[in-house]
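S.K.: Okay, here's the structure, questions in a sec.
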Ligand code: PMP
């Protein structure tokens, strides 16, 4: 048939254009003010070079020396010599890639060691590492396959996508509001025929990435338990930041009341990847049923090695955490004093300016002062709450914090915001 002339081969198929026009879609995005760009960063100030690497002081990108207040590497461990060495050693000993899915030939000692340590920090029987936090949420929620999920309205996109992939009926409750959660669970219980056993999963971030606030986990546990449901907590922005290297679940002493703990290796642990921790049977089920685990190459061993060393530092060494919280306090006090409205109660400091144009103008002005902190606008955050998301790190010096504050003061005056 392939030898036949084109007209014969395509007869009856019409002349419709069934392809895609990405440029057109991009233009539409541009028109709606939603187009985004990749911006290379020149971040030399925050780098602590490996001693025997003569090139380490060279900037990776050309450009002015900028100080970045937007990274999620909160403890600065991505630049820590010990973590970098652990990555390099694991690469040498185990390889740069896992080579296959963990279930085929990709299950290396580097993964096992990391998972043992994660389970210990999370006070769980067992843990499982995924190739990203995103893949963890999507894989875990769909593998649990709940009939109904109750999800905080500000939960991360990967939770939302997990609920979609699970095909679960999703009930969204008001942000950080256990009484609204309870009302919705009551309503659902009344609407469900007696004798029907539905599986219910309640989902919440512990620290919310754009508001920097903390879910009232203990009260949520009370509500969840009163309905006999399960609770899954996303500790992406908390893992490693509290005593013993744990998250908010550990800080609040709730390890044995949270059925599923997940988080990422790519924020405070300075590496890449995600994890889930829970009971032996939960993990055994997930390694069989979470499609993003089963059908994806195992986490890169150097990432596992780096995360394990970072976790060790977070567990044993309070110095990084203390520096981080000192920097958070200095920055928050300075922003308050400058007349800004600062939300949040964690290391994430949303500086709320309201109007989206003001937020983007402030973002630009800060860059002119060599301070990088991104403007966040709708649809990522609700209309009228556009903001700059400021995230200090343990490795920022006092001088860098003060430079950031000076930039905010000057830019705010220039734009008439304070
Ligand atoms: N959950 C939350 C709350 C997050 O903020 C993120 C990352 N932005 C993720 C999950 C996904 O983690 P990762 O970046 O490792 O894919």
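Read-outs: derived from the displayed coordinates by stated rules, not from any lab. Since this is a predicted model, take the numbers as computed values, not measurements. So basically every Cβ, Gly included, is an ideal-geometry build from the backbone, and we count neighbours across all protein chains shown.
S.K.: Whole angstrom only: what separates the Cα centroid of segment 77-141 from the Cα centroid of segment 304-319?
M.R.: A separation of 13 Å, based on Cα centres.
S.K.: Helix-only estimate, please: 222 nm mean residue ellipticity of the chain, summing -39500 (n - 2.57) across DSSP H runs of length 4 or more and dividing by its residues, to the nearest 500.
M.R.: -12500 deg cm²/dmol
S.K.: Quick one: work out the % antiparallel among DSSP beta bridges in the chain, nearest 5.
M.R.: Just about 50 percent of them are antiparallel.
S.K.: Give me the percent relative contact order of the chain, please, defined on Cα pairs under 8 angstrom at least 6 residues apart.
M.R.: This gives 21 percent for the chain.
S.K.: Would you look at the GNM of the chain, springs on alpha carbons closer than 10 Å, and say which of 247, 33, 263 moves the most?
M.R.: Comparing 247, 33, 263 in a Gaussian network model of the chain, the most mobile one is 33.
S.K.: Quick check: from the Cα gyration tensor, does segment 211-308 come out rounded (a/c under 1.5), prolate or oblate?
M.R.: oblate
S.K.: Within the P(r) computed for the chain, what percentage of the Cα pairs occupies the region above 40 Å?
M.R.: 24 percent
S.K.: For segment 81-316, what is the relative contact order in percent, using Cα pairs closer than 8 Å and at least 6 residues apart in sequence?
M.R.: 33 percent
S.K.: Here is a follow-up. Can you tell me what share of the DSSP beta bridges in segment 81-316 is antiparallel? A percent to the nearest 5 is fine.
M.R.: 40 percent
S.K.: Now, a different point. Taking a ≥ b ≥ c as the square roots of the eigenvalues of the Cα gyration tensor of segment 81-316, is the shape rounded (a/c under 1.5), prolate (a/b larger than b/c) or oblate?
M.R.: Prolate is the answer for segment 81-316, as a/c is 1.5 or above and a/b outweighs b/c.
S.K.: Determine, for each peptide in 72-83, 156-167, the mean count of other beta carbons within 10 angstrom over its residues, then list the peptides with the highest first.
M.R.: Per-residue Cβ counts within 10 Å, averaged per peptide and sorted highest first, yield 72-83, 156-167.
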